[in-house]
Protein chains: 2
Amino acid sequence: MGEDFIQTVLFQLFVIIVLVEVARMLCNKVKVPTVIGEILVGVLIANTFLYDFINLGSDREVFEVLKELGVIFLLFSVGLETPFSAIRKVGKTAMFVAVFGVILPFIVGYLLMIGALGPEKQLEALFVGASMVATSVGITARVIRDMNLMHTVESRVIIGAAVIDDILGMIVLAIVVGIAGGGSLDIFQVAVVAIEAVLFVLAIIFIGSLVLPKVLKKRDDRKVTQVCTAERRPKGISPLPLALIVCFALSSISSFLGLAAIIGAFLAGMAFAEFKDRWPCEEKMEPIVEFLTPFFFVFVGIAVDLEAFGELGVLMMAATITVFAIITKFIGCGLGARSLGGKSAAIVGVGMVPRGEVGLIVASIGLGMLDPETGLSIIEPGLYNAIVFMSLVTTLVAPPLLTYTFQRKLGKKCEVLPPDVN
Amino acid sequence: MGEDFIQTVLFQLFVIIVLVEVARMLCNKVKVPTVIGEILVGVLIANTFLYDFINLGSDREVFEVLKELGVIFLLFSVGLETPFSAIRKVGKTAMFVAVFGVILPFIVGYLLMIGALGPEKQLEALFVGASMVATSVGITARVIRDMNLMHTVESRVIIGAAVIDDILGMIVLAIVVGIAGGGSLDIFQVAVVAIEAVLFVLAIIFIGSLVLPKVLKKRDDRKVTQVCTAERRPKGISPLPLALIVCFALSSISSFLGLAAIIGAFLAGMAFAEFKDRWPCEEKMEPIVEFLTPFFFVFVGIAVDLEAFGELGVLMMAATITVFAIITKFIGCGLGARSLGGKSAAIVGVGMVPRGEVGLIVASIGLGMLDPETGLSIIEPGLYNAIVFMSLVTTLVAPPLLTYTFQRKLGKKCEVLPPDVN
């Protein structure tokens with residue numbers, strides 16, 4: 001029994017990893033972000049004989065955990081590239097870009113769904129709005145780095161805004177998950193959840209990014225001035241275990257508070273970013289992320305039912321959501337960056353378009369939560385498919401548009417390589 | 001539901017990792033191998049309120065997988081430090097040490113159990129014999145490295161013998177698992193399993209360590225002489241995904257053949273050891289091992305029922321198995337190394353004593369397999385506890401004995417730091 005179960009899981013892992021690797025190599029060949037390949041592997045498995053071949057019907061719990069660990073470590077590593085100090089440095093412009101780029105897609109997404117599904121579908125509309133909010137900081141940063149344009153003003157604004165945007169997206173997600181957990185749209189409850197979410201985020205930022213670094217620095221200074229035995233200081237805990245402990249602790253707390261676990265993971269990463277010298281955990285974290293994260297994207301794809309796109313309604317909805325996701329982000333962020341001039345604002349607007357992982361995370365949380373009134377998933381499968389479609393297209397569309405707008409501004413040929421979240 | 005389940009698992013992971021880290025720091029303080037701390041964490045959880053507190057009764061499947069992944073990656077990384085070439089270099093002595101050190105404990109362990117439990121307990125006796133066979137190459141190597149004595153003849157013999165011993169242990173384990181799977185002690189079946197195991201091991205060694213390196217070298221040479229475009233050669237697959245694919249592939253095959261999955265993982269690591277320059281995956285593998293391996297040892301400990309030691313029988317059995325495990329390994333290996341002279345033979349004998357992970361792996365496989373005739377676990381819980389006790393004590397006893405024997409030989413003070421499998 002035990003050995004059979006393990007045998008099945010090992011075989012499933014083998015097949016999935018091989019397919020992911022093949023998909024990655026193909027993506028690199030056609031210069032497409034590898035995350036798209038990973039999602040398509042999931043779609044392939046779900047919609048062909050492969051699903052039964054690797055016996056995925058049973059034992060989904062194991063992959064639920066691998067998937068969740070994958071996304072938790074991914075968000076931790078995104079947080080790790082997002083020190084609080086980096087947010088302070090990027091000035092007003094980035095803040096405007098982020099705020100407009102969050103408000104416009106959220107409101108338009110929400111209204112779009114209310115218009116399409118009727119005013120009783122509040123939770124569904126909120127989730128779609130939330131899934132249209134967050135720019136994928138991983139994909140954006142990777143595209144710009146691959147273009148060797150990290151030094152431009154536009155790039156700095158995009159990265160800064162993407163960072164703030166990520167935090168705002170987390171807060172929006174926290175609010176939406178909190179409301180959905182309560183089951184109804186009670187203004188008092190919204191306020192409680194919002195305050196809880198904001199307080200949690202601010203508390204972690206305050207403690208992790210402001211208080212702790214100062215306290216530790218002071219302690220170190222005192223030690224050095226006292227006896228100058230910096231080398232003799234006991235080594236203490238090593239970076240990886242500490243990172244794992246903090247990451248799981250904040251994910252758990254965040255989850256117990258009714259917020260999404262990944263919010264805690266992101267904050268844990270952000271707090272750790274302040275301690276890179278003391279506990280350098282990036283290199284050690286990276287292989288774990290590389291091993292586990294594909295499971296998230298593959299299982300995002302496995303939830304996609306291709307037959308659903310046969311329905312005209314789903315196809316229309318996917319197209320509509322995608323178009324509005326691109327337009328609202330472009331206009332919102334462009335407006336926020338208008339002080340930089342038209343061509344630069346266009347670059348910033350385009351650079352903020354890719355939704356990637358965060359939209360998918362929101363959608364899959366919505367798919368996993370049940371509406372307490374109807375007992376069905378908050379995001380019904382057809383709508384889920386539409387959101388995944390939107391994530392795929394916004395991610396695919398951004399790199400060529402970025403190249404084009406940068407060329408228009410800089411007037412030279414700048415090549416863009418495919419981004420890659422890992 | 002989904003979120004609740006994830007919430008529980010995250011909290012369990014958090015508690016386990018914190019306890020493991022505390023245990024590790026305590027172990028380092030009292031200079032004891034950290035693996036012992038990890039096992040004791042499991043014993044602590046299983047025998048206190050903690051078990052119910054973190055709700056471990058439910059969802060054991062997830063931890064079954066984490067545990068299995070932990071031990072698979074551990075054996076892969078042990079294999080990675082065991083290139084086939086290293087085995088060839090260590091001459092006859094290491095081979096004698098390994099062979100005597102395998103045969104004596106196996107036979108004595110087997111006879112001991114037949115004597116104690118009666119001749120009908122063939123499977124149980126075989127498993128106990130097998131669990132007394134394999135020296136923990138990880139622990140031994142770590143102890144010697146920490147003593148800075150890698151250059152001595154004795155050390156080289158110990159490492160070489162530990163490596164061969166590991167392979168012999170794997171073959172013994174494969175045979176025993178195969179016999180247990182069949183359910184009876186049929187000589188024809190033993191032969192089939194033994195041949196299957198030996199052929200599988202030899203085939204992987206032959207292909208992975210002899211044929212592939214030559215083929216790849218030839219291909220590279222041809223490329224260089226043709227157009228001298230070594231740099232332009234496409235990068236191809238990166239080391240970590242390749243390592244994961246090969247590791248899961250060989251584990252699966254090994255498991256499908258009825259051998260233990262870890263045998264495949266060990267062979268995969270050994271094959272990879274030949275390609276360290278081409279696909280350096282050690283650094284990337286290490287954090288994954290560090291993250292997952294403790295789950296194996298913790299869950300080894302969780303299976304220990306302290307109340308069982310209340311029974312005089314179990315306590316006696318634990319003491320007997322432990323004493324014979326130490327004596328048989330010491331005498332067997334000492335005999336194998338007698339050509340080096342008495343003092344050196346004593347060092348080698350002592351150095352091969354620690355059983356560590358491999359004995360535990362054998363015992364936990366035995367605990368997980370059911371006897372087809374009685375329907376009970378092949379290794380019943382009392383006996384399992386005795387084997388875990390043996391692993392703990394042999395691991396604890398080796399470092400001080402190694403220090404003592406090395407001092408007797410070299411006549412100088414050589415400090416031994418606690419070994420650490422990770």
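Residues that are aliphatic (A, V, I, L, M) and free of Cβ contacts under 8 Å to residues at least 12 places away in the same chain: which helices (runs of 4 or more DSSP H) entirely in the stretch A:12-112 hold 1 or more of them?
Working: elements: A:34-46, A:50-53, A:60-80, A:84-89.
Ranges flagged: A:60-80.
Condition test on residue B:367, is it within 14 Å of chain A (Cβ to nearest Cβ), under 23 Å from residue B:47 (Cβ atoms), part of a helix (DSSP H, G or I) and not small (Gly, Ala, Ser)? Answer is yes for this residue. Only one of B:186, B:146 is among the acidic types (Asp, Glu) and either modelled with pLDDT of 75 or more or open to solvent by less than 50 Å² (accessible area, probe 1.4 Å) (or both); which? Within the list B:186, B:146, the selection yields B:146.
Restricting the stretch A:2-11 to residues that are in contact (Cβ under 8 Å) with a residue 12 or more places away in the chain and either among the aromatic types (Phe, Trp, Tyr) or within 9 Å of chain B (Cβ to nearest Cβ) (or both), the residue that is surrounded by the fewest Cβ atoms within 10 Å (Cβ to Cβ) is A:5.
How about the stretch B:328-343: which of its residues are in contact (Cβ under 8 Å) with a residue 60 or more places away in the chain and open to solvent by 10 Å² or more (accessible area, probe 1.4 Å)?
In the first step, residues of the stretch B:328-343 are kept if they are in contact (Cβ under 8 Å) with a residue 60 or more places away in the chain; the result is B:328-329, B:331-333, B:335-337, B:339-340, B:343.
B:331, B:335, B:339, B:340, B:343 - these are the residues of the stretch B:328-343 that are in contact (Cβ under 8 Å) with a residue 60 or more places away in the chain and open to solvent by 10 Å² or more (accessible area, probe 1.4 Å).
Each residue in the stretch B:327-343 was checked for being part of a helix (DSSP H, G or I) and within 25 Å of the chain's Cα centre (by Cα), and 10 pass.
Scanning the stretch B:150-177 for residues that are open to solvent by less than 30 Å² (accessible area, probe 1.4 Å) and either basic (Lys, Arg) or over 30 Å from residue B:370 (Cβ atoms) (or both) turns up B:152, B:154, B:155, B:157, B:158, B:160, B:161, B:162, B:163, B:164.
Scanning the stretch A:240-259 for residues that are in a helix (DSSP H, G or I), under 15 Å from residue A:197 (Cβ atoms) and open to solvent by 30 Å² or more (accessible area, probe 1.4 Å), we see that the one that is nearest to the other protein chains (Cβ to nearest Cβ) is A:256.
Beta carbons closer than 8 Å, at least 6 apart along the sequence or on distinct chains, pair a first residue in the stretch A:399-422 that is over 18 Å from residue A:26 (Cβ atoms) with a second that is acidic (Asp, Glu) and modelled with pLDDT under 75 for A:403/A:415; A:416/A:146. Take the residues of the stretch A:42-72 that are open to solvent by 60 Å² or more (accessible area, probe 1.4 Å) and either within 13 Å of chain B (Cβ to nearest Cβ) or at pLDDT below 80 (or both): which is farthest from residue B:68 (Cα to Cα)? Among them, the one singled out is A:55. Taking the stretch B:28-41 as the range and being open to solvent by less than 50 Å² (accessible area, probe 1.4 Å) and modelled with pLDDT of 80 or more as the test, the residues that pass are B:37, B:38, B:39, B:41. For the stretch A:294-327, a tally of residues being within 14 Å of chain B (Cβ to nearest Cβ) and open to solvent by less than 30 Å² (accessible area, probe 1.4 Å) returns 5. Please determine whether any residue of the stretch B:283-293 is in a loop (DSSP other than H, G, I, E, B), surrounded by 17 or more Cβ atoms within 10 Å (Cβ to Cβ) and within 14 Å of chain A (Cβ to nearest Cβ). For the stretch B:283-293, residues in a loop (DSSP other than H, G, I, E, B), surrounded by 17 or more Cβ atoms within 10 Å (Cβ to Cβ) and within 14 Å of chain A (Cβ to nearest Cβ): absent. Scanning the stretch B:20-40 for residues that are within 11 Å of chain A (Cβ to nearest Cβ) and basic (Lys, Arg) yields a total of 2. In the set (1) of a type outside the set (S, T, N, Q); (2) outside any helix (DSSP H, G or I); (3) surrounded by 24 or more Cβ atoms within 10 Å (Cβ to Cβ), residue B:277 fails one condition alone, (3).
Only one entry of A:347, A:365, A:361 meets the criterion of being of a type outside the set (Phe, Trp, Tyr), within 13 Å of the chain's Cα centre (by Cα) and more than 20 Å from residue A:112 (Cβ to Cβ), and that entry is A:361.
Within the stretch B:367-408, being farther than 18 Å from residue B:166 by Cα, crowded, with 24+ Cβ neighbours inside 10 Å and among the small types (Gly, Ala, Ser) holds for one residue alone: B:386. Among the residues making up the stretch B:255-302, those that are more than 17 Å from the chain's Cα centre (by Cα) and among the charged types (D, E, K, R) are B:274, B:276, B:277, B:278, B:282, B:283, B:284. Looking at residue A:15, is it β-branched (Val, Ile, Thr), more than 12 Å from chain B (Cβ to nearest Cβ) and buried (at least 16 other Cβ atoms within 10 Å of the Cβ)? Judged against the criteria, residue A:15 is not a match.
The values are calculated or read from the model by the stated rules, or taken from the named source; none is laboratory data. Remember, it's a predicted structure, so these values are computed and weren't measured experimentally. Using ideal geometry, Cβ is built from the backbone for each residue, glycine included, and neighbour counts are taken over all protein chains shown. Heavy atoms of the whole protein, side chains included, go into the accessibility calculation; ligands, DNA and RNA do not. Shrake-Rupley method; radii C 1.70, N 1.55, O 1.52, S 1.80 Å.
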